[in-house]
Amino acid sequence: MARQQWSSKTVFVLAAVGSAVGLGNVWRFPYLAGRYGGGAFLIPYLLAFVLMATPLLILELAIGQRMQRGPIKSLRQMHPAFGGIGLIAVISAFLVVAYYAVVMAWCLIYLIRSLGVAWADDPQGYFFGQVLQISDGVGQWGGFNLPILAALVAVWLAIYFCIWQGPKSVGKVVLYTVPLPVVVMAVLFLRSLTLPGFWQGWRLYLTPVWSAMLSPEVWTAAAAQAFLTLSVAFAIMLTYASYKQPNEDIVKSSWTTAIADLAISLFAGFVVFAVLGYMAWTTSSTVEEVTTSGPGLAFVVFPQALSLMPLPGLFSALFFFMLLTLGIDSAFSLVEPAIAAWLDLKPGTKGTHIAGWACLAAFAVGTLYTTRAGLYFLDIVDHFVTTYNAIVVALGMAILGGWVFGAEALRRYVNEVSDWQVGRWWNISIKWVVPIVLAILLATQLSTDLRTPYEGYPAWALAIGWATVLVPLGLGLWMVRGGQEVLLEAAPPEQDGTPQ
Ligand code: PFF
């Protein structure tokens, strides 16, 4: 059976940008910048973005496009011992999308309630009290929050109908979901420039706090965010590239995606911090005092900004619609690795069925986050999966690409198919910078997490976090030790036209 392909090169770039630019840019990046001291976060982030994440993006595009297979098979084809890395990537993307969709469900609730701007008096109380109805601690589940559960069903239905026909339907959706949010973001940015006090917020955003940069945690968070925002390390871009022709451009697409993604993150940061500056100005406090960090930031600060605008109902509706359109093309890109891997194993199966099962399974896992303790679990799983799993997969891919397959061989392939060329610096990044920095970050983060419980959560709750790391790791190892034969037995013999 022929693999599906993107309908054009532009559609691929749109899909890649759509995957990269997501809630991570508007929701996660600003709250991390807030949590880790504004400007202190920016420098590690920029360094990690340019020196590690973008080279990894080029690597993933090269592997996917050259191997023409989903994550597990692509990596296994390059070396049999690396199929397990593909499996860890697939499971991790799946774990992420389970909570990512829940954040989209919050957006949907806000969108529906926009017209009344119900949060105007107390955005913080509204988010935690009314929308999340958050319990007092992770131990108090408090039952399901039905509006969020219902919104989650709607979000998954939307995701399913975007991906049910694979690259064909995705190609149509991204034509709208990529440009639209950018326009809305520009409007919000211009509005934030007219808020008194915005400058104070920007100062915090842009002033480096050198002491914070000594904390390894800041560097790990920055590196992990750089990977996530570019959708690398979970084999998403690898999967998308596997739907390209083997001789299509790689370098220009990578830089276009990276620059678009970086610009949107920085943009969102300016808006969020301008509003923080304004809030400090109206309440006569310092920007640090009004900075609520953590996953709630975008749901507290942005709504506040919206309620200040003329026609707040309209702007609020636009804003949350923007978040949903930003999120949806990232969400379905996170489901794609699992679908591609499954189709590799059972090529005869109908893509629409696999997509349906994948969505249903991710929805089922996501119901955990629709309980009243959901935000706590979301925070824990997000921390563990996006740090450890991303580091392990990126490390594995860099070793495979850089050392086992050979960075120079891959670079030659990349340059052969691309208009722009990639220099030898890329070999150094993939062979040395990425593995060494990631090994150090892994060791230091591990020692931090073993010594101090993350955000003070109880051990049993953190055990769930560790399980999201150790179970995929165990399955990956099992696959390397022969388990893959069990999985692959069912697959018909390969008709492999991949270049070697
Ligand atoms: N790059 C997208 C974002 O930043 O929102 C999607 C994404 C990919 C999110 C991988 C999280 C992740 F772990």
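Please treat every number below as a calculation from the coordinates, not as lab data. Not measured: the values here are computed from a predicted model. Here the Cβ positions follow ideal geometry from the backbone for every residue, glycine too, while neighbour counts run over all protein chains shown.
Figures for the structure shown
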read-out	value
Debye log10 I(q)/I(0) for segment 403-467, one point scatterer per Cα, at q = 0.18, 0.30 Å⁻¹	-0.72, -1.19
Percentage relative contact order, segment 72-225, counting C-alpha pairs under 8 Å, at least six apart	15 percent
Rounded Å value of the spacing that divides the Cα centres of segment 9-56 and segment 401-440	21 Å
Percent of C-alpha pairs per 20 Å bin, the chain, short to long	24, 59, 16, 0
Helix axis angle, 9-20 relative to the chain longest principal axis, alpha carbon, degrees	50 degrees
Residue exposure sequence - 353, 79 - by fewest surrounding Cβ within 10 Å	353, 79
Spherically averaged projected area of segment 111-155 from its Cα convex hull (nm²)	3.8 nm²
Segment 116-230: radius of gyration over Cα atoms, expressed as a fraction of 2.2 N^0.38 Å	1.50
Selection from 100, 51, 41 lying farthest towards where the dipole of the chain points positive, charges on Cβ	51
Equivalent ellipsoid, segment 167-215 (semi-axes from 5 times Cα gyration tensor eigenvalues, Å)	35, 20, 4
Taking only Cα atoms of segment 284-389, radius of gyration then Dmax in Å	18.8, 65
Hull shadow area, averaged, segment 133-193 [alpha-carbon convex hull, nm²]	7.2 nm²
Cα radius of gyration and Dmax for segment 360-414 (Å)	17.8, 52
C-alpha center-to-center spacing [segment 135-188, segment 329-397] in angstrom	14 Å
Equivalent ellipsoid semi-axes, segment 240-285, via Cα gyration tensor eigenvalues times 5, rooted, Å	41, 8, 4
Convex hull per residue volume in Å³, alpha carbons only, for segment 371-446	118 Å³
Peptide ranges 48-56, 146-154, 164-172 listed from the most packed, as the mean C-beta count within 10 angstrom indicates	48-56, 164-172, 146-154
Student exercise, the chain dipole from Lys, Arg, Asp, Glu Cβ charges, in Debye to nearest 20	740 debye
Globularity ratio of segment 202-269, using Cα Rg and 2.2 N^0.38 Å	1.44
Amide H partners (placed H, <5 Å) of residue 371, local residues excluded	145
Order of 106, 426, 403, 27 under a 10 Å beta carbon neighbour criterion, fewest first	403, 426, 27, 106
Leading residue at positive end of dipole, the chain (Cβ point charges), from 418, 259, 312	418
In degrees, nearest ten, helix 351-366 long axis to first principal axis of the chain (Cα)	40 degrees
Globularity ratio of segment 208-321, using Cα Rg and 2.2 N^0.38 Å	1.39
Cα lying deepest toward the dipole's positive end in the chain, options 456, 78, 467, charges on Cβ	78
The chain, relative contact order in percent, only Cα pairs under 8 angstrom and at least six apart counted	34 percent
Helix 374-384 axis, angle to the chain major axis (alpha carbon atoms, nearest 10°)	50 degrees
Largest-first principal axis extents of the Cα set of segment 437-479 (Å)	34, 28, 11
Subset of 9/346; 168/346; 73/172; 9/168 violating a 22 Å alpha-carbon distance limit	9/346; 73/172
